[in-house]
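This report concerns only the one structure given below.
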Amino acid sequence: MTSTVPNAVEHADEQQPPITMFGPDFPYAYDDFLAHPAGLGQIPATEHGTEVAVIGGGLSGIVAAYELMKMGLKPVVYEADQIGGRLRTVGFDGCDPSLTAEMGAMRFPPSSTALQHYIDLVGLETRPFPNPLAEATPSTVVDLKGESHYAETIDDLPQVYRDVAAAWNRCLEEGADFSDMNRAMRERDVERIREIWSKLVEKLDNQTFYGFLCESEAFKSFRHREIFGQVGFGTGGWDTDFPNSILEILRVVYTEADDHHRGIVGGSQQLPLRLWEREPEKILHWPHGTSLKSLHVNGEPRPAVTRLHRTAGNRITVTDANGDIRTYRAAIFTAQSWMLLSKIQCDDALFPIDHWTAIERTHYMESSKLFVPVDRPFWLDKAVDDRGNPTGRDVMSMTLTDRMTRGTYLLDNGPDKPAVICLSYTW
Ligand SMILES: Cc1cc2nc3c(=O)[nH]c(=O)nc-3n(C[C@H](O)[C@H](O)[C@H](O)COP(=O)(O)OP(=O)(O)OC[C@H]3O[C@@H](n4cnc5c(N)ncnc54)[C@H](O)[C@@H]3O)c2cc1C
């Protein structure tokens with residue numbers, strides 16, 4: 001349980017099938033497909049070697065390219081910046097190279113079993129991420145409206161936090177059939193998932209996260225809503241999502257996307273980088289020893305795409321920053337969709353009008369992180385008061401606050417080894 005406020009309905013029964021991303025929108029067994037000995041699918045042999053454009057070399061693009069290559073197609077990856085995209089691991093000048101900071105994604109839920117498949121495939125390890133009050137987090141400070149509370153478990157926090165937890169549980173149960181959906185997802189009961197979700201979409205399609213809380217008897221108190229907004233669930237601090245659709249939040253909560261997080265040892269960018277170089281054991285059409293890297297000139301993706309348009313025969317013609325123009329029968333676009341409105345020249349025929357409208361309505365959140373390298377995880381030391389008497393507390397704790405820093409995470413690599421503080425993470 002990583003929540004400051006525990007997630008709704010704790011399921012103690014270990015015998016139950018796990019929660020995975022087999023959820024309301026994507027009731028597909030991606031993990032089963034990936035584990036299938038026959039692979040993800042087949043391409044007629046006559047089409048082997050056909051080029052497919054893959055635009056964007058983030059994890060989506062690299063995974064898509066890797067799987068297409070295994071099926072015997074020739075992915076042509078375009079990347080404007082670095083392989084990895086929003087999986088971006090950076091080092092610190094003058095520090096031990098093993099000391100890294102995650103500028104993008106840094107924690108992943110075990111329910112993301114398809115992600116785990118690729119993590120295992122390339123031999124990466126994960127370890128628990130020190131979220132607020134997670135088991136891996138020695139202590140947490142919740143600092144709201146000038147009042148600080150030190151806690152090792154939720155029981156150390158004042159009663160109001162447990163009241164807020166209870167309110168969230170009640171609100172999810174009464175307003176969003178939480179237990180029912182949880183059971184249906186564990187059992188992969190698509191019919192039941194669809195039945196529950198369709199009713200919720202009808203009921204909540206125009207409801208915001210904040211509106212959902214306000215409508216609930218359990219959250220009548222403004223103070224409770226405020227506290228909930230700051231400490232939330234999982235990683236905490238969900239108030240910036242208050243104006244968003246409650247359906248988005250339910251997707252996260254049902255799939256436990258914000259729970260039991262783990263980080264990738266050595267940095268998450270290694271995952272797409274290793275996939276880029278990986279030579280799959282099972283590969284069609286291409287000789288053994290083929291990798292995405294070996295399929296690309298100089299082992300590098302092609303540069304940024306600058307123009308996309310449809311050409312005769314319903315082909316997609318791609319122009320890149322070097323002025324190179326190539327035509328494909330298929331292209332996979334994985335870059336941020338607003339690139340299609342800002343950086344890439346597109347013709348109207350690329351998508352039907354309602355797709356363009358949806359792209360226009362996509363909103364992005366900005367975020368920023370500030371990391372500081374330190375020579376050892378001093379926060380694990382025990383604090384003393386002014387007179388030198390032990391206080392029984394850690395010197396410093398993972399901190400959730402309504403001040404400007406919002407979230408401070410303490411990331412160690414073992415005692416006496418260089419460590420990193422994510423001093424501030426805002427979004
Ligand atoms: C600060 C931050 C923290 C996050 N934390 C988490 C987390 O803890 N856990 C989690 O699960 N998720 C997290 N995410 C989200 C996660 O990082 C993304 O969902 C995921 O990395 C997206 O992968 P992608 O391949 O779909 O897109 P991206 O990684 O964005 O890849 C798209 C790629 O397209 C490239 N591109 C753009 N324009 C062009 C062009 N014209 N031509 C060619 N290429 C182009 C970009 O350079 C980029 O490499 C976080 C994101 C951010 C920004």
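The values are calculated or read from the model by the stated rules, or taken from the named source; none is laboratory data. Please read these numbers as outputs of a predicted model, since none were measured by experiment. When we count neighbours, we look across all protein chains shown, and the Cβ atoms used for this are built from the backbone with ideal geometry, even at glycine. Ligands, DNA and RNA are stripped out before the accessible areas are found, and what is left, the full protein with its side chains, is counted by its heavy atoms. Shrake-Rupley method; radii C 1.70, N 1.55, O 1.52, S 1.80 Å.
Couple of notes before you dig in:
- Loop-located trypsin sites (Lys or Arg not before Pro) in region 328-403 whose Cβ has at most 16 other Cβ within 10 Å (DSSP): 329, 343, 361, 387, 403
- With a 1.4 Å probe rolled over the protein heavy atoms of all chains, the accessible area of 309, 117, 36 falls in the order 36, 117, 309, largest first.
- Taking amide H as placed 1.01 Å from N in the peptide plane, residue 144 has its amide H under 5 Å from the amide H of 149, each at least 5 places away in sequence or on another chain.
- Excluding same-chain neighbours fewer than eight residues apart, the aspartates and glutamates reachable from residue 369 by a Cα-Cα span under 15 Å are 102.
- Per residue, the accessible area of the chain comes to 50 Å², computed with a 1.4 Å probe over protein heavy atoms only.
- Computed accessible area, residue 214, all protein chains, 1.4 angstrom probe, square angstrom: 40 Å²
- A convex hull fitted around the alpha carbon atoms of region 68-187 yields 246 Å³ per residue.
- Inter-site label distance for residue 375 and residue 127 at 7 Å from Cα along Cβ, in nm: 2.1 nm
- Low-density loop positions, chymotrypsin sites (Phe, Trp or Tyr not before Pro), region 87-154 - DSSP coil, at most 16 other Cβ in 10 Å: 92
- Residue-level accessible surface for residue 179, protein heavy atoms, 1.4 Å, Å²: 30 Å²
- When the helices of the chain are scored as -39500 (n - 2.57) per DSSP H run of n ≥ 4 and the total is divided over every residue, the value at 222 nm lands at -8000 deg cm²/dmol.
- Sorting the Cα pairs of region 111-162 by distance into bins of 10 Å, from 0 upward, gives 21, 34, 20, 19, 5 percent per bin.
- Across 341, 200, 400, mean-square fluctuation computed from a Gaussian network of the chain (C-alpha pairs under 10 Å connected) peaks at 341.
- Top positive-direction residue, dipole computed over region 87-174 with Cβ charges, set 123, 158, 95: 123
- For residue 28, the residues whose amide H sits under 5 Å from its own are 23, ignoring neighbours fewer than 5 places away on the same chain, with H placed 1.01 Å from N.
- Diffusion coefficient, µm² s⁻¹, Stokes-Einstein with Kirkwood Rh over alpha-carbon pairs of region 139-280 at 10 °C and 1.306 mPa s: 92 µm²/s
- Residue (of 18, 34, 222) at the positive-pole extreme of the chain, dipole from beta-carbon charges: 34
- In region 43-95, Cα pairs under 8 Å separated by at least six residues give a relative contact order of 40 percent.
- Computed extension length for residue 191-residue 351: 54.5 nm, one decimal, from 0.36 nm per residue of separation with the Cα-Cα distance subtracted.
- Reported value for the chain: 176 Å³ per residue, from the convex hull of its C-alpha atoms.
- Computed over protein heavy atoms with a 1.4 angstrom probe, the accessible surface ordering of 222, 108, 333, largest first, is 222, 333, 108.
- Shape class for region 289-407, computed from the alpha carbon gyration tensor (a ≥ b ≥ c): prolate, with a/c not under 1.5 and a/b above b/c.
- With 0.36 nm allotted per residue and the present C-alpha distance subtracted, the residue 221-residue 403 stretch has 63.3 nm of extension available.
- Listed residues 307, 326, 183, most fluctuating in the chain (Gaussian network, C-alpha, under 10 Å): 326
- Couplings 3J(HN,Hα) of region 399-405, computed from phi: 10, 10, 8, 8, 6, 4, 6 Hz, in residue order, whole Hz [Karplus 6.51 cos²θ - 1.76 cosθ + 1.60, θ = phi - 60°; x for Gly and Pro].
- Computed 3J(HN,Hα) for region 207-222, one whole-Hz value per residue from the Karplus formula 6.51 cos²θ - 1.76 cosθ + 1.60 where θ = phi - 60°, is 9, 7, 4, 5, x, 4, 5, 4, 5, 7, 3, 5, 10, 5, 7, 4, glycine and proline marked x.
- Sequence of 416, 347 when ordered by accessible area, the most exposed leading, probe 1.4 angstrom: 416, 347
- Calculated FRET efficiency, residue 120 to residue 295, Cβ-Cβ distance, R0 = 30 Å: about 0.80 to the nearest 0.05.
- Within the chain, the longest run free of GluC sites (Glu not before Pro) that sit in a DSSP loop with at most 10 other Cβ atoms within 10 Å is 15-280.
- Among beta bridges that DSSP assigns inside the chain, antiparallel share in %, nearest 5: 70 percent
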